[in-house]
């Protein structure tokens, strides 16, 4: 658990990295954004790369925990499979305001891979997207074991569910979100229905 000073630094660095990306963020700008000295960054994280790694892993943990909790709440107690998948998809696809800096940072990572340590990218992928995918796959696997779905590869099914319900909704107006998610769930159930 980060100390108060580390939390302040991580939060400030997340804001700056999300706004400017890794390559354009300087130690001095990071220190100013967090309200600390550049020496504090070096003392706690060694360098900009160390701070960036700490920021993306901390942010990924926060987002992953919330996404996994959503999957646990909605897919851990399925009553009406289609309705519960639609509710899951709508809630998953509804932007969480406090996730915005994280997802801006992710877009910067994807655009700036040449400047970021591959081990940091791999650690982020493992602690964030893959962790969530495995949790979602576990729920889908249990639904398959219960005879509600017919899934051979739960990890692949998790990718399909997210792409059909959440990824496809990113640019859709809020008023149309549920209809698009409902259509995605119907396609998912055609592919994986028992």
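Any read-out appearing in this document is the output of simple, stated calculations on the displayed coordinates, not a laboratory observation. Computed from a prediction, not measured in an experiment: that's the story for all the values here. Reconstructed Cβ throughout: ideal geometry from the backbone, glycine too, with neighbour counts over all protein chains shown.
Side notes on the structure shown:
- Angle between the chain longest axis and helix 81-93 axis [Cα atoms, degrees, rounded to 10]: 20 degrees
- Between residue 29 and residue 123, the modelled labels are 2.3 nm apart [label points 7 Å from Cα along Cα→Cβ].
- Shown for 20, 114, 174: other C-beta atoms within 10 Å of each C-beta, ranked fewest to most, produce the order 114, 174, 20.
- Here the gap between residue 100 and residue 79, fully extended at 0.36 nm per residue and compared with their Cα-Cα distance, gives a gain of 4.4 nm.
- Taking the number of Cβ atoms within 10 Å of each Cβ as an exposure proxy, the fewest-first ranking of 105, 74 is 74, 105.
- Förster radius 45 Å - calculated FRET efficiency between residue 167 and residue 3, Cβ distance, rounded to 0.05: 0.80
- C-alpha center-to-center spacing [the range 116-194, the range 1-68] in angstrom: 29 Å
- Considering the chain, its Cα convex hull presents a mean projected area of 11.7 nm².
- Globularity index of the range 143-192 is 1.22 (Cα radius of gyration / 2.2 N^0.38 Å, N = number of residues).
- Inter-label distance for residue 19 and residue 187, nm, one decimal - labels placed 7 Å from Cα along Cα-to-Cβ: 3.7 nm
- With 0.36 nm allotted per residue and the present C-alpha distance subtracted, the residue 142-residue 179 stretch has 10.7 nm of extension available.
- Packing here is the average count of other Cβ atoms within 10 Å per residue, and on that basis the peptides 59-67, 75-83, highest first, run 59-67, 75-83.
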